[in-house]
1. Taking the Cβ-Cβ separation of residue B:184 and residue B:377 as r and a Förster radius of 22 Å, what is the calculated FRET efficiency to the nearest 0.05?
2. With 10 angstrom as the radius, rank A:263, B:7 by how many other C-beta atoms surround their C-beta, starting from the fewest.
3. Return the inverse of the average 1/r over all pairs of distinct C-alpha atoms in the range B:14-78, which is the Kirkwood hydrodynamic radius, in Å to one decimal.
4. Of the DSSP beta bridges with both residues in the range A:140-277, give the percent that are antiparallel, rounding to the nearest 5.
5. Say a paramagnetic label sat at a point 7 Å from the Cα of residue B:338, along Cα to Cβ; which residues of the range B:372-392 have their backbone N under 14 Å from it?
6. By how many nm would the segment from residue B:127 to residue B:259 grow when fully extended, if each residue of separation counts as 0.36 nm and the alpha-carbon distance is taken off?
7. In whole Å, what are the extents of the protein assembly as shown along the principal axes defined by its C-alpha atoms, from largest to smallest?
8. Taking the DSSP beta bridges in chain A as the whole, what percent of them are antiparallel, to the nearest 5?
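All of the numbers you see were taken from the coordinates with simple rules; none came from a lab. These numbers were taken from a predicted model, which means no experiment stands behind them. Neighbour counts run over all protein chains shown; Cβ positions are idealised from the backbone, glycine included.
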């Protein structure tokens, strides 16, 4: 008897009909003799509806209360799925964050899971029940409700799978796997059979949105086998696996586009130690995650500091930076929300030096100016003008994925999942 | 500094504009130097929307999961009100059932509060915060979410007021107090300044719907001063108070109509001890509350047993009774959902014998047949054909309230609150 964790995203439980289809699928797995834990997202659109309500009451709604508000979405879908399972004759039982003590830190809206008390889930499974867990939510040490950020239900699922030492964590979504690029932007994109944890980590952090980055970290750390697949058919999707030799053949395995980017530049700061800290310290304290950071010292004794961050945090961060800029004597602060980040990812880049040059060459040929560059061992990201985003993805996919690498199984890539509707 | 508990029903928080109006009122009370706890219902219509979703998935949705589902409504409004209060510069903090341990028994959908851990609320008030409590919900001893039934937020509010030894519990609603009858049915109905606990208890159990019956019990037992008033203006409403001498002057102080009635009759059961228990035992075990019970033994050695219960439980109860009828050898089971209960209530009935006779005379004059009769020390109820319900209320109000009693303050009565939208 296997223990199987199945996670269904927002579009997979977006209507009562889909919830019934999920109940069918879950029931079938249970009837095959497996112990099944289901982790659900909120019904598609529900989280945005709730955020909109909060936004109408306050431009910066109190974070603790936003989490109380948003967590109702998953509670609702967990209850509905349990009801649908009962109707089909299965014993099902919903579990909320506080009931199985999904304990997190206290960072509202982006909390990180610290531990899960799997005992209650285990008892439930041993009684023959199907356990239905509300994703995306936890409680901090003081019993406050927290949420895990967009895509948090992925992390709930993998964390539950890790706590139960499940045989597999299946992530059901509205696409059938992980692609080399978003098929809506790049028709040449193809599905990958396997992807390594490290590639998936890069992709998740680059806006591919197939999986929340924390879920990939959990999967890697606790060695949870994850299978990303479609909730609409039974086809094999993409397996996320530890790295193996076969993967090294591929140079670049995916091209991603992240539209959720904003850029802030502090110009002409007197160049002395502590400038970056003065600017970015308060932002970190406010739990805003900064992505790329670039600092250029000029010959004249001053320096420019530029960084990117998610659009949602832009307004809050800008207010802080403008405050700081005065105290450190910066000339001015400029900001731009019309930027995107385009990245190429691949394990093969570790041993091949030429990828960056070919990337820049491709962009130059299309007349696309590069505003910022950031690299890691297995990826290169550039920030460019938003209007060139899709053109850049297609050009880079043609030059670096289709042109350079054979479509070997085992390569990494990135998903075409409609991120806005899932979390 | 007073401790004030304010409860706002579903129509009072039915839109974002109304939530903002509630925030204004709550903030004003806080600014006057009082410690304020707010208890909120779900936004009007939300509970019905959720029940409808559950009903589409299952004709008899799993009770535990219905409570998980429904409790999101109050969670949502508590979070939204807290956000609105923050926006106005107040420190506010929402509390769910599990966070202040509103511990109940395990009867899903109609749980009874056993205890509240007021410590967390007290600390919150001492920090200067406005505490916003999600009404209607609790947790049982095993951390399962429970709900308290229609009107449960009233009970949450009075129970919180009792636990905090609050100076007053204000029940804000969409009418301005308790009336001698429903003004929509009976235009002659008038508002009462005061009403005794005992009269209110009868009224609450008779479908007047101003307050949940449990909340009146709590108020009586813990001597909580309750003020039922309008959330749309500052006028005085109706105070619920201990009985005093002035009240005895009024013979009949209210006439109520309860449409939520269904009737089941088991016919021709062999008349031996244990018949009533055999029929009603399983129903009690299923946590269905039976209202009136009548048994008539015939000369022929058999007996008829008739009882009434809420329409919502009708289908479930009927299935049980049909099962039982076979085992005890009854001739048949008949059922009727087209019935209503009309009641007259008044402390003065204790010392005046003629009320019942005048009630029956009035109904006979209107050609209304009485199907069942039930009496207590201060009320008389009859079950009649549903189509005569409103006519009966108007005739009885004219004969027994307007005709017989002067409109003395301090009399009991019943509310015109639109029960369907509040809980």
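1. Values: r = 29 Å, r/R0 = 1.32.
With R0 = 22 Å, the Cβ-Cβ based efficiency is 0.15.
2. Working: A:263 22, B:7 30.
Going from least to most buried by this count: A:263, B:7.
3. Working: mean 1/r = 0.0737 Å⁻¹.
So the Kirkwood estimate lands at 13.6 Å.
4. Working: 4 of 12 bridges.
Antiparallel: roughly 35 percent of the beta bridges in the range A:140-277.
5. So the set is B:384-389.
6. So the chain would gain 42.9 nm between residue B:127 and residue B:259.
7. Dimensions of the protein assembly as shown along the principal axes of its Cα atoms: 104, 64, 39 Å.
8. Numbers: 45 of 73 bridges.
Taking every DSSP beta bridge within chain A, about 60 percent pair in antiparallel fashion.
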